[in-house]
Every structure is written in structure tokens, then in C-alpha cells.
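Following: one structure in C-alpha cells, then a few remarks.
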Amino acid sequence: MKSGSVDAVQAIEPFGTQMARSIGARVIADLTSGPTADFPIAHLGTTEKFAKENPRTVAAFQRAFVKAQAMAADRGTVEKTVPSYAKGIEAKVVSAMAIGTFPTTRDVNRIQRVADLMRRFGYVDEHIDVKRYVLSLPAS
């Protein structure tokens, strides 16, 4: 956009805020509203075989992930952390950026929305019941 070779881009944070501050870019469409509001943007998986053969490893990973989600949900932690690992992202950009949600509990209905939209837009041919694939979280 800065060079003028494109008129629009789809950018995740913190890059959207950085472009707004550095070149005056503006949001023309919020891709996290409507059918994708509170949409999970990432999932982690393992094979059923690995989960059955390594239940303690899977449980430890799940506990660590929940802890990381809680840390990410703390805006102060995010504002301190991002500039330390994202080269070129200044603290003032991080303090102004939109930060998504980082749930520490699992909502299978939110995950089901992903599968349902994949079906609706033809990425998969059949309905996927995500409950069949979701492991329960270990006790804290």
C-alpha cells in the first residue's frame, strides 16, 4: 500500500494498526464481525493414536496452552510482550491495536461454527460434528 502497488490489503493485528499510524490506512471492512464475530482463528490438533499413547503429554500441553491464553487475555502482558518479539512493532502501536479474545475454556459451539462455514462455502463436502474430535481439558 505504501508504494501504491495495491489499493487494499487484509492485515491482522498489529499490522493493521501499524499501517493506520504510519501511512494513514483505514479499515474498510471488519472481518471479525457478522458471521465471523468471536470466530476461533486457530486450533491445535493431534492424532487419536498420539493422544491415547501420551495422555500426560497431551494434558501438560493443554494446561500450558490454557495458561498462555490467560496471559494473552491480559492486555498489559500483550503490550509488554509484542514489541519484544515482533521486530518493528512499537509499544504505541500495540497500545492502540485491537486485541482479540483468548478464551481459557472450550466452547464446542464456537468451533462448530468453523466447520459449518467450511461446509457452507464448499471447503468440505459433508457436515463435521466437531464434538467427535475435541478432547476434554484436564483438571487444573
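The values are calculated or read from the model by the stated rules, or taken from the named source; none is laboratory data. Keep in mind that what you see is a predicted model, and the values were worked out from it rather than measured. When we count neighbours, we look across all protein chains shown, and the Cβ atoms used for this are built from the backbone with ideal geometry, even at glycine.
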Yes/no for GLU48 being at pLDDT below 85 and of a type in the set (D, E, K, R) = no
Only one of (1) loosely packed, with under 14 Cβ neighbours inside 10 Å; (2) assigned to a helix (DSSP H, G or I); (3) over 13 Å from the mean Cα position of the chain (by Cα) fails for PHE65. Which number is that?
-> (3)
Going through segment 117-139 in order, the residues found to be exposed (fewer than 15 other Cβ atoms within 10 Å of the Cβ) and part of a helix (DSSP H, G or I) are LEU117, MET118, ARG119, ARG120, LYS131, ARG132
Can you name the residue in segment 68-89 that is of a type in the set (D, E, K, R) and over 18 Å from the mean Cα position of the chain (by Cα) and, of all such residues, is farthest from MET19 (Cα to Cα)?
-> LYS80
When (1) touching a Ser or Thr at 6+ places or on another chain (Cβ under 7 Å); (2) among the hydrophobic types (A, V, I, L, M, F, W, C); (3) more than 13 Å from LEU135 (Cα to Cα) are applied to ILE89, the one that fails is (1)
Please find, within segment 68-109, the residue that is farthest from PRO40 (Cα to Cα) out of those that are in a helix (DSSP H, G or I) and in contact (Cβ under 8 Å) with a residue 40 or more places away in the chain.
-> LYS92
Count, please, the residues in segment 31-48 that happen to be surrounded by fewer than 10 Cβ atoms within 10 Å (Cβ to Cβ) and among the polar types (S, T, N, Q).
-> 1
Members of segment 13-30 that are surrounded by 13 or more Cβ atoms within 10 Å (Cβ to Cβ) and assigned to a loop (DSSP other than H, G, I, E, B) = GLU13, PRO14, ALA25
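Residue-wise test of (1) over 26 Å from PHE15 (Cβ atoms); (2) touching an Asp or Glu at 6+ places or on another chain (Cβ under 9 Å).
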site	(1), (2)
PRO40	no, yes
THR46	yes, no
LYS49	yes, no
ALA60	yes, no
LYS67	yes, no
ASP74	no, no
THR77	no, no
ILE89	no, no
ILE99	no, yes
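Please verify whether ARG106 is at pLDDT 90 or above and under 15 Å from the mean Cα position of the chain (by Cα), treating the condition exactly as stated.
For ARG106, the condition - at pLDDT 90 or above and under 15 Å from the mean Cα position of the chain (by Cα) - is not met.
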Candidates GLY24, GLY45, GLY16, GLY34 - the one that is more than 19 Å from THR105 (Cα to Cα), touching a residue at least 40 places away in the same chain (Cβ under 8 Å), out of contact with any helix residue (DSSP H, G or I) (no Cβ under 9 Å at 6 or more places or on another chain) and not hydroxyl-bearing (Ser, Thr, Tyr) | GLY16
